[in-house]
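Computed from the coordinates by the stated procedures, all read-outs in this text should not be read as laboratory data. These numbers were taken from a predicted model, which means no experiment stands behind them. Cβ placement follows ideal geometry from the backbone for every residue including glycine, while neighbour counts extend to all protein chains displayed.
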Amino acid sequence: MKQNKKGLHRLLRAWAILTLLILAVFLMGWKGLLWFNMPSKSRYPVRGVDVSHYQGEIDWAKIASQDMHFAFIKATEGSASTDEYFAANWKGARAAGLKAGAYHFFSFDSAAETQADNFIAAVPAEPDALPPVIDLEYYRKGEHPPADTVRKSLSVLLSRFEAAYGKKPIIYTSITCYENYLKDSGLDYTLWIRSVYSRPSDNYQPAWTFWQYNPCGRLEGYNGTEDRIDLNAYCGSLADFEREFN
């Protein structure tokens, strides 16, 4: 009986230690102190960030000094919202030598034409900037608007952006939104895929170009309400990146 009790105590201690270790790893990951989905630096040498007002004031020279090459900056959302830090971030990122691009957070709740008007009014047409980006993701739990409706709105935005900036836009999206709205849609645009657990699949059409691999990154140089920052990789070499976006 005593042996059985000792064995049970050892088992309970082992489970307790294992539980604490799992919890510690989870908390470190949530805080951005530990991340397992790290692309090979030799395979994906071109890295960048995407930011919004959540990062507050940004020291872009400091960001650039941490081996960052590009920055996607939130400009607008829906038909009426403009990010309060966009103008400063746009100017600062470009001055720091980063390749900068602006993104629009797509709304399922307002007209595509007025969304396009909002973005075009806020974002200057700079010939050396990255193409404009449409951020297509769910922002309410259980949200799945009809595919036909979303595709029609996307088509309007994509056409308006391309006409205004002279560049084929980029679509940022999650795996689920790609499957629901972009796959087999005929919308042939540069893809930026959010995939936080593994490298994006090779089955995307067209093949993905940018990869958001860590939404909980940590860098020096910003002081907003959010202490983490999104980290991204480009699929190619620095020479490929410069050739594609210059």
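Using Cβ counts within 10 Å as a stand-in for footprinting exposure, how do His144, His104 rank, fewest first?
His144, His104
Pull up the DSSP beta bridges for the chain and report the antiparallel fraction as a percent, rounded to 5.
Roughly 30 percent of the DSSP beta bridges within the chain come out antiparallel.
Are there any chymotrypsin sites (Phe, Trp or Tyr not before Pro) in the range 127-206 that are in a DSSP loop and have at most 10 other Cβ atoms within 10 Å? List them by number.
Hits after loop and neighbour filter: Tyr197.
Please compute, over every Cα-Cα pair in the chain, the percentage with a separation greater than 29 angstrom.
34 percent
Given points 7 Å out from each Cα along the Cα-Cβ axis, report the Ser81 to Ala239 separation in nanometres with one decimal.
A separation of 4.3 nm, rounded to one decimal place.
What does the C-alpha gyration tensor say about the overall shape of the range 111-246? Classify as rounded when a/c is under 1.5, otherwise prolate if a/b is larger than b/c, or oblate.
rounded
Does the range 175-246 classify as rounded, prolate or oblate by the C-alpha gyration tensor (a ≥ b ≥ c root eigenvalues; a/c under 1.5 gives rounded; else a/b over b/c gives prolate, otherwise oblate)?
Oblate is the answer for the range 175-246, as a/c is 1.5 or above yet b/c matches or exceeds a/b.
Give me the distance in nm between label points sitting 7 Å out from Cα along the Cα-to-Cβ direction at Asn203 and Thr176, one decimal.
For the pair Asn203/Thr176, the computed spacing is 1.8 nm.
At 7 Å along the Cα-to-beta-carbon direction for both Ala164 and Glu226, put a label point, then send me their distance in nm to one decimal.
Rounded to a tenth, the inter-label distance reads 2.2 nm.
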